[in-house]
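Asks: For reference, the structure I am asking about is given below.
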Amino acid sequence: MFSKDFTLVIIGQIISLFGNATVRFALPLYLLNQTGSSALYGAVTACAFIPAILMSPVGGIVADRVNKRNIMVALDLFTAAVITAFCILMGGVNLTFLMTVTMMLLYGIAGAYQPSVQASIPALVSPDRFMEANSIINSISSVAALLGPALGGVLYSVCGLKPVLWICVACFFLSAVMELFICIPSVKQDFGGGIWRTVKEDFAGSARFIRREKPIVWKVVLVLCGINLFLSAMIIVGLPYMVTEVLGLDEALYGFAQGALAAGGLTGGVAAGVFAKKLDIKKSGSLLIAGTGCVFPIGIAGMILTSAIAVYIVITVCCFLVMVFSTVFSVQVMTFIQAQTPQNLVGKVIAVVLTVSMCAQPLGNALYGVLFQICRGREFMVVLFAGAVSLLIVLRAKNLFFLVPERKKW
């Protein structure tokens, strides 16, 4: 599995994702610290997700038609340029406007980038190694997300925002240089009547493939939409707000809490790889139930404990567990889709799945930004609400996974 090219993909991902995790940690936190408004924070992060949703199908379609290495190199260089522009304009442009535009660009780049990485796996790894390869990619993402916020939180609290951002610029540039040496087999396909027409036609074609050949995938995606709306959005908006504003703790501790999410992702990714032969997607509904159940101790601790540090510990531990279960589930779903899809459609089908499942994220971010603002002093009631609705969704959907067909090899 560890060919030269797949190893270079891994190294490039380590560097690039470290920078990505750090900048996604630092920029929203800076906005929250400067304004103290959860509603504004939620609105900006909601806007940031919109380009990610729009660019995912573009990224998937381009990934199937253009050399995936070139896509990775170009997007890493563009990301470095965007962060550099933010550093130059910072202080001379309205912060909210500049932050919104920058976050939208960064999330849009990430939306176009990820399908290329996922679609490269079937080209570099044999089918019987898909689960392990996906586990490695997820683990790398989790390690980067663990180290990025943890180190970024310390640097941010000591040095401020700009030094953190310049480190991120260096990471993306180095990643682009590393990726130049990757060779990913590809079959060039024409864009026909133009990229946007091709996007529309390929997206529709991929949607038809899922609807006709794999209708169960649509139902799984709808479950993911519900989880993103009521659970993921609550964590994205609520974690920094609860740690820095409600509990009054410093940015470094928020960085460690964000790192706990990544550590959970890493643990889940490793577990998915180690137990790849024993995992059965038909039983994956139990993972979602366990993950959503971990939300309730956060709400209860926030309501009955008087020590901010004690509540923080509960939040950190529970976030870790949520990510363990959700990552194992994500690896299973992605592996199932890759195994069930012809190689010439992998990028497009993954793009459709990511696009549709992310559609609920902006609405959820905006919703929880407003809810936390309205429920000042009762923020942990919002956490219990998120847990209750999410648990209801996954309980209703548990039997859905028993309908998943056996693996089909193309």
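Asks: For the chain, set up a GNM with springs between Cα atoms under 10 Å and report which of L392, L231, L124 has the largest fluctuation.
Replies: L392
Asks: Where in the chain are the DSSP H helices whose C-alpha atoms run 27 Å or more along the long axis and whose mean Kyte hydropathy is at least 0.0? If you can, show how the numbers build up before the last one.
Replies: On the way: long enough: 4-35 (47 Å, 0.90); 38-65 (41 Å, 1.28); 68-89 (32 Å, 1.53); 95-124 (43 Å, 1.16); 130-159 (42 Å, 1.24); 161-179 (28 Å, 1.78); 251-274 (34 Å, 0.97); 308-340 (47 Å, 1.98); 379-397 (28 Å, 2.12).
TM-like helix candidates: 4-35, 38-65, 68-89, 95-124, 130-159, 161-179, 251-274, 308-340, 379-397.
Asks: Another question about this same structure. GNM, the chain, Cα, under 10 Å: largest mean-square fluctuation among V328, V82, V169?
Replies: Most flexible of the set in this elastic network: V82.
Asks: Express in nm, to one decimal, how much length is gained between D128 and A81 on full extension, taking 0.36 nm for each residue of separation and deducting their alpha carbon distance. Show your work: numbers first, answer last.
Replies: Details: separation 47, 0.36 × 47 = 16.92 nm, distance 3.88 nm.
Additional length available on full extension: 13.0 nm.
Asks: Now, a different point. Which percent of the accessible area of the range 245-308 is formed by carbon and sulfur heavy atoms (probe 1.4 angstrom)?
Replies: 65 percent
Asks: With a 1.4 Å probe and every protein chain kept in, tell me what percent of the accessible surface of the range 1-136 is carbon plus sulfur.
Replies: Working: 3010 of 4380 Å².
Carbon with sulfur: 69 percent of the solvent-accessible area.
Asks: Calculate the FRET efficiency for I304 and A74 from the Cβ-Cβ distance with a Förster distance of 56 Å, rounded to the nearest 0.05.
Replies: Numbers: r = 52 Å, r/R0 = 0.92.
Efficiency, from the Cβ-Cβ distance: 0.60.
Asks: Based on the Cβ-Cβ distance from N399 to N94, what FRET efficiency comes out when R0 is 51 Å, to the nearest 0.05? It would help to have the intermediate numbers written out before the result.
Replies: On the way: r = 50 Å, r/R0 = 0.99.
After rounding, the FRET efficiency stands at 0.50.
Asks: Can I ask one more? Out of A52, A112, A310, any idea which swings most in a Gaussian network model of the chain, alpha carbons joined below 10 Å?
Replies: So, out of A52, A112, A310, the one fluctuating most is A310.
Asks: So, one more: Across 20 Å bins from the origin, how do the percents of Cα pairs in the chain run, short distances first?
Replies: Going from the shortest bin to the longest, the percentages are 27, 61, 11, 0.
Asks: Let me ask you something else. On average, how much accessible surface per residue is there in the chain, in Å², for a 1.4 Å probe, leaving out ligands, DNA and RNA?
Replies: I get 40 Å² per residue for this part.
Asks: Beta carbons within 10 angstrom, averaged per residue: use that to sort the peptides 316-322, 245-251, highest first.
Replies: 316-322, 245-251
Asks: Also: Got a sec? Charge dipole of the chain, +1 on Cβ for Lys and Arg, -1 for Asp and Glu; which of G205, M104, A81 is way out at the positive end?
Replies: G205
Asks: Let me check I've understood the local charge: for A74, count other residues with C-beta under 12 angstrom from its C-beta, Lys and Arg +1, Asp and Glu -1. What total comes out? Spell out each step's value before the answer.
Replies: Working: positive: K68, R69; negative: D76, E179.
Every neighbour counted, the sum reads 0.
Asks: Given a Förster distance of 45 angstrom, what is the FRET efficiency for Q373 paired with K4, based on the Cβ-Cβ distance and rounded to 0.05? Walk me through the intermediate numbers first.
Replies: Working: r = 51 Å, r/R0 = 1.14.
Efficiency for this residue pair is about 0.30.
Asks: Using alpha-carbon positions, what is the distance between the centroids of the range 1-50 and the range 76-119, in Å?
Replies: For the range 1-50 versus the range 76-119, the Cα centre distance is 10 Å.
Asks: Could you work out the relative contact order of the chain? I mean the mean sequence separation of Cα pairs under 8 Å and 6+ apart, divided by the number of residues, in percent.
Replies: Numbers: 695 pairs, mean separation 119.9, N = 410.
Relative contact order comes out at 29 percent.
Asks: Another question about this same structure. Structure shown: which of K219/K278; K278/K398; K4/K277; K68/K278 lie over 27 Å apart, alpha-carbon to alpha-carbon? The partial results should precede the final answer.
Replies: Details: K219/K278 24 Å; K278/K398 19 Å; K4/K277 25 Å; K68/K278 32 Å.
The answer is K68/K278.
Asks: With runs of 4+ DSSP H residues as the only contributors, calculate the mean residue ellipticity of the chain at 222 nm using -39,500 (n - 2.57) per run, divided by the residue total and rounded to the nearest 500. Working shown, then result.
Replies: Values: 16 runs with 323 residues, N = 410.
Helix-only estimate at 222 nm: -27000 deg cm²/dmol.
Asks: So if each residue of separation counts as 0.36 nm, and I subtract the Cα-Cα distance between I11 and K282, what length gain in nm does that give? Spell out each step's value before the answer.
Replies: Working: separation 271, 0.36 × 271 = 97.56 nm, distance 3.30 nm.
Length difference between fully extended and current span is 94.3 nm.
Asks: Let me ask something additional. Give the residue list of trypsin sites (Lys or Arg not before Pro) in the range 246-320 that are DSSP loop and have at most 11 other beta-carbon atoms within 10 angstrom.
Replies: Values: sites: K277, K278, K282, K283; in loops: K277, K278.
Answer in residue order: K277, K278.
The values are calculated or read from the model by the stated rules, or taken from the named source; none is laboratory data. Quantities reported herein were computed from a predicted structural model and do not represent experimental measurements. A quick note on method: Cβ atoms are made from the backbone with ideal geometry, for glycine too, and the neighbour counts reach across all protein chains shown. These accessible areas exclude ligands, DNA and RNA; they are computed on the full protein's heavy atoms, side chains included. Shrake-Rupley method; radii C 1.70, N 1.55, O 1.52, S 1.80 Å.
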